[in-house]
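Peer 1: Encoded as structure tokens, here's the structure I'll be asking about.
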Amino acid sequence: MAYPTFRAFQLPADFAVQDAGAAATPRQPEIEARIEAIWQQEMERRHGKLFNGQLFSITGPDVEAQVAEGRLTGRFVEYRDFLAQLRDPSLFPWLSIRPLAVTGITHTPEGLLFGQRTKSVSQGADQWELVPAGGFSPHAREPSGDGLSLRRQVLEELSEEVNLGPETVASETPLLVLADDESHVHDIFIELALDLSVEDVEAAFARRSHDEYANLAVVPLARLEAFLDEPGRILVPSSRYALTVCGLIAAGGSAPAGNVHDALRYVDSPADWNGPTAASTPDDLLEDLWGEFHASLRFLNACDADMRMLEHRRSARGTLPAAVPPPRTP
């Protein structure tokens with residue numbers, strides 16, 4: 001399966017996120033008017049249940065160059081601005097918002113945690129994703145200095161979304177940053193280890209005070225492919241790609257299913273991987289074909305998610321002013 005808009009980069013051991021502070025960016029009146037028009041439409045569509053908080057946006061050079069230097073730098077911006085850019089990508093040359101989020105690849109003794117997003121969220125409604133997941137908030141700031149804490153942010157998401165406190169986490173290990181060049185969203189994937197039973201996780205989730213997820217599932221690794229292939233189930237593309245890169249699901253012949261370090265080496269240098277061994281028996285051939293069939297089903301699910309997003313964007317644009325033309329180069 002191909003992921004043309006995704007890039008993955010392994011994080012160094014001393015990786016850090018730094019807040020560069022607010023920047024004064026005067027806007028043209030027509031840009032502000034379009035942002036406000038999109039915001040008002042979204043407010044009406046969701047019956048006023050929309051909050052204009054802050055999210056952390058990457059600044060500076062491309063993420064690959066920054067990760068190579070062991071850090072990502074950015075600043076906090078309004079969610080309202082990002083929502084406008086998401087609904088109308090022609091705004092990106094002016095807003096240049098590249099949100100940074102964290103996502104947990106959360107292991108329990110009985111499997112991985114997945115959540116199904118509610119119908120009311122702005123992105124990926126009804127779709128499943130790795131849990132927890134969310135953008136950086138100002139609460140992630142370190143007590144001193146300009147750094148943001150990966151640990152504090154991912155544990156805050158775990159508490160809000162699943163109602164599990166930091167004492168339930170045995171370890172956390174930052175693995176990779178995933179860049180989506182279409183949505184401009186960047187995800188830091190962190191491996192979390194919980195020493196809890198399915199019953200403990202489900203009981204905590206039932207007592208949650210936030211409703212970002214309608215359902216939660218603990219999926220054994222042996223059933224992961226079957227879980228993702230169930231009819232009607234759609235996994236958000238970033239979670240699917242991260243599972244592929246980390247070797248937890250097969251990629252239909254496009255990447256090896258090994259450990260995260262080998263998989264990330266493949267992402268950086270695909271020529272280093274020689275591909276699957278040729279089938280030598282009818283049983284081997286049948287197994288390969290069966291794997292390709294399931295990969296095709298997963299691809300169709302991903303395409304369905306993309307089509308839903310495109311249809312939403314078309315309907316959103318239909319009642320708004322014309323797209324703002326790109327800035328002129330001097």
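Readers should treat all values here as calculations from the given coordinates under stated rules, not as data from a laboratory. Please read these numbers as outputs of a predicted model, since none were measured by experiment. Note that we place each Cβ from the backbone using ideal geometry, even for glycine, and neighbour counts take in every protein chain shown.
Peer 1: Apply the Karplus parameterisation 6.51 cos²θ - 1.76 cosθ + 1.60, with θ equal to phi minus 60°, to every residue of the range 242-247 and state each ³J(HN,Hα) to the nearest whole Hz, in sequence, with x for glycine and proline.
Peer 2: For the range 242-247, the Karplus-derived couplings read 5, 4, 5, 4, 7, x Hz, x marking Gly and Pro.
Peer 1: Between SER209 and SER90, what is the FRET efficiency for a Förster distance of 35 Å, r being their Cβ-Cβ separation, to the nearest 0.05?
Peer 2: That pair, SER209 with SER90, gives E of 0.40.
Peer 1: Could you work out how far apart the two model spin labels at ASN52 and GLU230 are, taking each label as a point 7 Å from the Cα in the direction of the beta carbon, and quote it in nm?
Peer 2: Here the answer is 4.0 nm between the modelled labels.
Peer 1: Skipping prolines and chain starts, which residues have an amide H placed within reach, meaning under 5 Å, of the one on LEU164, given they are 5 or more residues away or on another chain?
Peer 2: The list, which skips near neighbours in sequence, is SER159.
Peer 1: Which parts of the range 40-56 would a label at THR25 reach, counting a residue when its backbone N lies under 15 Å from a point 7 Å out along Cα-to-Cβ?
Peer 2: 54-56
Peer 1: Using each residue's phi in the range 38-47, evaluate 6.51 cos²θ - 1.76 cosθ + 1.60 at θ = phi - 60° and report the 3J(HN,Hα) Karplus result to the nearest Hz, with x for Gly and Pro.
Peer 2: My calculation for the range 38-47 gives 5, 4, 5, 5, 5, 4, 5, 5, 9, 6 Hz in order.
Peer 1: On to the next question. Are there trypsin sites (Lys or Arg not before Pro) in the range 105-200 that DSSP marks as loop and that have at most 11 other Cβ atoms within 10 Å, and which are they?
Peer 2: LYS119
Peer 1: For LEU235, enumerate residues with amide H under 5 Å from its amide H, sequence gap 5+ or separate chain, H modeled in the peptide plane.
Peer 2: Those qualifying (amide H under 5 Å, at least 5 residues apart or on another chain) are TRP128.
Peer 1: Here is a follow-up. Provide the gained length on full extension for the span GLU32 to ASP62, in nm with one decimal, where the gain is 0.36 nm per separating residue minus the Cα-Cα distance.
Peer 2: Length difference between fully extended and current span is 8.2 nm.
Peer 1: Give me the dipole magnitude in Debye, nearest 20, for the range 1-158 about the Cα centre, with unit charges on the beta carbon: positive for Lys and Arg, negative for Asp and Glu.
Peer 2: Roughly 260 debye, rounded to the nearest 20.
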